[in-house]
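Asks: Here's a structure for you.
The values are calculated or read from the model by the stated rules, or taken from the named source; none is laboratory data. Just so it is clear, the model here is predicted, and its values are computed rather than measured. Reconstructed Cβ throughout: ideal geometry from the backbone, glycine too, with neighbour counts over all protein chains shown. These area figures cover heavy atoms from the full protein model, side chains too; ligands, DNA and RNA do not enter into them. Shrake-Rupley method; radii C 1.70, N 1.55, O 1.52, S 1.80 Å.
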Amino acid sequence: MNAPTANLVDTAPFRARRARLLARMQAAGGGVAILPTAPERVRNRDAHYAYRHDSYFYYLTAFREPEAVVVLVAGKDTKQILFCREKNEEREIWDGYRWGPEAAREAFGFDEAWTIGDLEKRLPDYLADQPLLWTSLGYDNDWDARVLGALNAVRDKARSGLTPPHSVRDLRAELDEMRLVKDAAELATMRRAAQISAAAHCRAMRATRPGRFEYEIEAELLHAFRAAGSQAPAYTSIVAGGANACVLHYVENDQPLADGALLLIDAGCELDGYASDITRTFPINGRFSGPQRDVYEIVLAAQAAAREATRPGAHWNEPHDAAVKVLAQGMLDLGLLKGSLDAVLENGDYRRFYMHRTGHWLGMDVHDAGEYKLGGEWRPLVEGMVLTIEPGCYIRPADDVPEAFWNIGIRIEDDAVVTAGGCELITEDVPKAVAEIEALMREAPMRETRTQARDHG
């Protein structure tokens, strides 16, 4: 069976990352890094979930098969080793192509490659007489046991003069710092993922009309993702009509879309291991009502304020603070809150209608790796970081809330790359101005024709 050349990515950036990690390890005292990929998971009975590699492992290897481990030796002579499944023609008939150690070593740029069955035998040799072990304990008990077994195998050879690593360093923490700033290859992939997701959101807007179901619109998204080459959604899509939009993580997506209500869609594709994340909120019938427009314009202004605050040197919380100030003032103007702006901000009263943060890191994971604080202080933004900007406002029915605003849930989210002069929103191909949304939703010949055929078929 031939190698899956259509799914190959350029491995040069991944080799460069391994070299960078080895240099960081050398600077910290050397040692050996060990990192497994994710295991396969049973969905039910003998059916598995669609396999998805571990992000940290893929970041260093570009290797997508299960049952694989990477070992990096940062000693006098650096060494890069891959353990993977052996070639097995019978299993390939059932499950598809396997690289096997020899082909994988050459294709992915490793110094050595062995079968995964060789790991227990060879790992103690790599650990012997190394000062540090770089791994991540506490995430998987089975993996922890395998690592400890290898350490004990070295300890058992103490009389032969071999010594095990004297300290353990958290490999994920080291990789978190590397993953926070994206290289050119990562940004190119993320821009393409953003384009695919933006086109999917536009398709969903055109397909929306009263009487359809949330899952029908979700299907439009999934079709657009896959048709453009995305391997999967980056997360379970939120397609929330009416009051469902006030449930932050609503994913049932099974309710009919009501005339006069809003539809909130939070969805993004994953492409070659990288996530996108877009949210748009729009009227199901194509026209914002007065109260809907009033709330929407406040959220849109809050996003603009957060975008303006997203720049190199700004600390992580500045975009959130900027958005909250605009949102809180808007809530006061609409009569949702009472008092002064300073009091509302100090007391946190705005959290009744805006209870989440204004963004998160974005990359291989939709909530990507990296700490938000350093030494107890918010981290400063630097060029090459990628984050979301997603203010919102969620108004549930209550006696002290004007009825015109009941069940209005709005979020507007874009993916931002921090640039030298500020930030670039890479998902702005989806309209978000009121007039632009309403204009796009008037472009619905496909929607009308399909619905009429269904109604009269």
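Asks: Looking at region 182-196, which of its residues are touching a strand residue (DSSP E or B) at 6+ places or on another chain (Cβ under 7 Å) and either over 25 Å from ASP10 (Cα atoms) or assigned to a helix (DSSP H, G or I) (or both)?
Replies: Correct list: GLU186, LEU187, THR189, MET190, ARG192, ALA193, ALA194, ILE196.
Asks: Strands (runs of 3 or more DSSP E) wholly in region 197-278 with at least 2 residues that are out of contact with any Leu (no Cβ under 6 Å at 6 or more places or on another chain) and closer than 25 Å to VAL295 by Cα - which ones?
Replies: Because the criterion is at least 2 residues that are out of contact with any Leu (no Cβ under 6 Å at 6 or more places or on another chain) and closer than 25 Å to VAL295 by Cα, the strands (runs of 3 or more DSSP E) in region 197-278 that meet it are 238-241, 262-267.
Asks: Sticking with this structure for a sec: Can you report the number of residues in region 293-323 which are free of Cβ contacts under 8 Å to residues at least 40 places away in the same chain and within 19 Å of ALA435 (Cβ to Cβ)?
Replies: Of the residues in that region, 2 qualify.
Asks: Restricting attention to region 377-388, does a residue exist that is of a type in the set (Phe, Trp, Tyr), surrounded by fewer than 22 Cβ atoms within 10 Å (Cβ to Cβ) and not in a helix (DSSP H, G or I)?
Replies: Yes, because at least one residue in region 377-388 is of a type in the set (Phe, Trp, Tyr), surrounded by fewer than 22 Cβ atoms within 10 Å (Cβ to Cβ) and not in a helix (DSSP H, G or I).
Asks: Can you name every residue in region 184-217 that is open to solvent by 40 Å² or more (accessible area, probe 1.4 Å) and of a type outside the set (Gly, Ala, Ser)?
Replies: ARG191, ARG192, GLN195, ARG203, ARG206, ARG209, PRO210, PHE213, TYR215
Asks: Filter region 409-428 down to residues that are touching a Leu at 6+ places or on another chain (Cβ under 9 Å) and over 19 Å from ALA267 (Cα atoms) and give me whichever is surrounded by the fewest Cβ atoms within 10 Å (Cβ to Cβ).
Replies: VAL418
Asks: In this structure, is ASP349 among the acidic types (Asp, Glu) and over 21 Å from TYR250 (Cα atoms)?
Replies: yes
Asks: Could you tell me whether ARG15 is outside any loop (DSSP other than H, G, I, E, B) and at pLDDT 95 or above? First the steps, then the outcome.
Replies: Details: outside any loop (DSSP other than H, G, I, E, B): yes; at pLDDT 95 or above: yes.
Here the answer is yes, as ARG15 does meet what is asked.
Asks: Restricted to region 122-147, and to residues that are polar (S, T, N, Q) and open to solvent by 20 Å² or more (accessible area, probe 1.4 Å), which residue is farthest from PHE57 (Cα to Cα)?
Replies: Of region 122-147, the ones polar (S, T, N, Q) are 130, 135-136, 141.
Subsequent filtering for residues that are open to solvent by 20 Å² or more (accessible area, probe 1.4 Å) retains 130, 141.
Working: GLN130: 22, ASN141: 18 Å.
Once the filter is applied, the top-ranked residue is GLN130.
Asks: Being under 20 Å from the mean Cα position of the chain (by Cα), open to solvent by 30 Å² or more (accessible area, probe 1.4 Å) and in contact (Cβ under 8 Å) with a residue 24 or more places away in the chain is the filter here, so list the residues in region 234-246 that pass it.
Replies: If the condition is that a residue be under 20 Å from the mean Cα position of the chain (by Cα), open to solvent by 30 Å² or more (accessible area, probe 1.4 Å) and in contact (Cβ under 8 Å) with a residue 24 or more places away in the chain, then TYR235 is the only one that fits.
Asks: Let me ask you something else. Yes or no: region 19-34 includes at least one residue that is in a loop (DSSP other than H, G, I, E, B), out of contact with any Lys or Arg (no Cβ under 9 Å at 6 or more places or on another chain), among the aliphatic types (A, V, I, L, M) and open to solvent by 10 Å² or more (accessible area, probe 1.4 Å).
Replies: no
Asks: Can you tell me which of (1) touching a strand residue (DSSP E or B) at 6+ places or on another chain (Cβ under 9 Å); (2) open to solvent by 10 Å² or more (accessible area, probe 1.4 Å) is the one ALA305 doesn't meet?
Replies: (1)
Asks: Pull out all pairs, ordered by first then second residue, where Cβ-Cβ is under 8 Å, the residues are six or more apart or on different chains, the first lies in region 45-62 and is without any contact (Cβ under 8 Å) to a residue 60 or more places away in the chain and in a strand (DSSP E or B), and the second is of a type outside the set (S, T, N, Q) and open to solvent by 10 Å² or more (accessible area, probe 1.4 Å).
Replies: Final answer for the pair search is HIS48/GLU40; HIS48/ARG41; HIS48/VAL42.
Asks: Would you mind telling me which numbered condition in (1) closer than 28 Å to SER136 by Cα; (2) more than 20 Å from the chain's Cα centre (by Cα); (3) part of a helix (DSSP H, G or I) ASP176 fails?
Replies: (2)
Asks: Turning to a different aspect of this structure: Just to verify a result, which residue in region 268-297, among those that are buried (at least 23 other Cβ atoms within 10 Å of the Cβ) and of a type in the set (A, V, I, L, M), is nearest to the chain's Cα centre (by Cα)?
Replies: Applying the filter and picking the extreme gives ALA275.
Asks: Here's something else I'd like to know. Looking at region 311-363, which of its residues are among the small types (Gly, Ala, Ser), open to solvent by less than 20 Å² (accessible area, probe 1.4 Å) and part of a loop (DSSP other than H, G, I, E, B)?
Replies: The answer is ALA314, GLY348, GLY359, GLY363.
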